[in-house]
Amino acid sequence: MSKRKINKKKKEKRDVTNILYFGILVAFIAIVLILAIRLTKSSPETFEENIDSGQIFTQTDSDQLEPGQKIDAEDKLSSGYEVDVHYAYSDGCPFCTQQQRFMDSWEEKYPTVTIYKYNAQSSEEMQTFLQLAETYGESPRGVPVTIIADQYWSGFSEERTGKAMENTIEYCLVNECEDPLDRLN
């Protein structure tokens, strides 16, 4: 065979190999994108699904909420149960600012709710909060972080996290819930 034919065959073989590698690379990227899309659209944990839909409420006592039942402002005021919210934040954090604005309405809406704030930039304040988070099996990696009763949230979005927090508060106003600090004792 002539050198020209040998070089041509080598080039064809190289082209086929390059096409094969390119195809594998494209398939790999497609798989990564599909997984990324699925993860961002994955269904929330069962509890959050239930609490978002109001299904977390049980019908074991006549004074408890039934699924889908809402309590009105008068019930909230007369419930007598106190709810403690533990909230870690940082100055300059945009999600913390958004959550703080959202929680500002709770003072009037839920008068028996007490919000304990822990500034992540204060080692003294965060020491207690980190101990509290450990009792939930968590180690905060960012802010905001919120603990209400037996629920732990990291991050904030009004539609999702905010709604779940309010549903938990409303549940705890009618059904006495644990104080997260009791876990430290």
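Laboratory data are not the source of any read-out in this text; all were calculated from the coordinates shown. Owing to the predicted nature of the structure, the values given are computational and were not obtained by experimental measurement. Glycine also receives a Cβ, built like all others from the backbone with ideal geometry; neighbour counts cover every protein chain displayed.
Taking R0 as 22 Å, what FRET efficiency do you get between Tyr116 and Phe95 from their Cβ-Cβ distance, rounded to the nearest 0.05?
0.75
What is the distance, in nm, between label points placed 7 Å from the Cα along the Cα-to-Cβ direction at Arg4 and at Glu82?
In this crude spin-label approximation the distance works out to 9.6 nm.
Once phi is turned into θ = phi - 60°, what whole-Hz ³J(HN,Hα) does the Karplus curve with 6.51, -1.76 and 1.60 give for every residue of segment 103-109, x standing for Gly and Pro?
Taking θ as phi minus 60°, the curve returns 6, 4, 6, 5, 4, 7, 5 Hz for segment 103-109.
Output the peptides 12-19, 149-156 sorted from most to least packed, where packing is the average of other Cβ atoms within 10 Å over each peptide's residues.
The peptides rank, most packed first, as 149-156, 12-19.
Compute the relative contact order of segment 128-185 as a whole-number percentage, counting only Cα pairs closer than 8 Å that sit 6 or more residues apart in sequence.
36
Could you put Arg4, Arg183 in order, starting from the residue whose Cβ has the fewest other Cβ atoms within 10 Å?
Arg4, Arg183
What is the distance, in nm, between label points placed 7 Å from the Cα along the Cα-to-Cβ direction at Leu184 and at Ser105?
Output for this residue pair reads 3.0 nm.
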